[in-house]
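A short worksheet on the structure shown next.
The values are calculated or read from the model by the stated rules, or taken from the named source; none is laboratory data. The model shown is predicted, which means the values in this text are computed figures rather than measured ones. Glycine gets a Cβ as well: all are built from the backbone with ideal geometry, and neighbour counts include every protein chain shown.
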Amino acid sequence: MQSDAQAADRSGEAAPDTALLVAYGNGDAVAGRDLVARLAPRLYAYAARMLRDGPEAEDVVQETMIRLWKIAPEWRQGEAKVSTWAYRVTMNLVTDRLRARRPSVTIDAVAEPAADLADAVETMTDVARARALDDALAALPERQRQAVVLRHLEGLPNPEIARIMDIGVEAVESLTARGKRGLAAALSGRKEELGYGNG
Amino acid sequence: MAMADEITSRDDAALDRLLAAGRNAAPAPGADFLARLEADAETHLPRPAPGAAPRPVPTLGHRLSGWLTAGGLATAAAAGVWIGFAAPDTLNSLAGYGTTATATDDGFTISELVPTPEQAAYGE
């Protein structure tokens, strides 16, 4: 696992983001625009999936980026991966907003649970699949949803998710596995068996 | 809260199809929003610290002001010396004393120490 984390740190994506941020910290405006283009779409997709609210997702991403700009002059090469830091800030802001809300979606609100997941998915259009997934994700416990979104929708490696969520890699694996079971349960109507009950 | 059965391979494949559809339908930020973020980046762009800024090139006025200051000081010093010599006579006149007051132990009178008008004019 340690080697996975080290491999993630050595991945080719980390250095350019860091170099851009250091350049921005030294007054390079173009580097700032490049960072917006690289980070904002990914952070927005994550925030929008978690919050299911576009304007709220925009607020969260804007706040994350402003915090990034403010910390830029103190950022040092090799300190951390910029995208990991940004995802983590976004995740914390999202969590704050989710906790401030009253629970609005429960597992019972998942649309049209099917008796057999595979059969149901087979008959759906891609749009319907994406919508069904969105509904099922909303029914997952928050930490499972974070892990599933980061792993299976944002495509991040487990070691990076572990750093974002401040947990071990094994805990990430556990959360994503339980999250997938939860998705399957939500979509196939077996929620009671998996213990999620009515909320 | 025991987790029940594992996902069947058939369900797992179905989930993968759902997740693939989800990846393809990722929420995307609007152009206006991205423009706002770029404007924020510009607003918060760090400016060079004052100590790191290059020193401005001195203007002609800056260069001359130093010489003018020194010239003014020199003029004031010279005026002070002249006043030092000339003042006793003037003060004595104003005070109503004569100009033949006896000088010190050396036996010189003040009038002997004060430069004549010709001597004073020579320095100008």
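For the stretch A:141-160, which positions are within 13 Å of the chain's Cα centre (by Cα) and outside any helix (DSSP H, G or I)? Talk me through it step by step, then tell me what you get.
Let us first name the residues in the stretch A:141-160 that are within 13 Å of the chain's Cα centre (by Cα), namely A:142-158, A:160.
Listed by number, the residues that qualify are A:154, A:155, A:156, A:157.
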If we keep just the residues of the stretch B:21-62 that are among the basic types (Lys, Arg) and assigned to a loop (DSSP other than H, G, I, E, B), which is modelled with the lowest pLDDT?
B:55
For residues in the stretch A:42-93 being more than 10 Å from every other protein chain (Cβ to nearest Cβ), more than 17 Å from residue A:164 (Cβ to Cβ) and crowded, with 16+ Cβ neighbours inside 10 Å, which is modelled with the highest pLDDT?
A:56
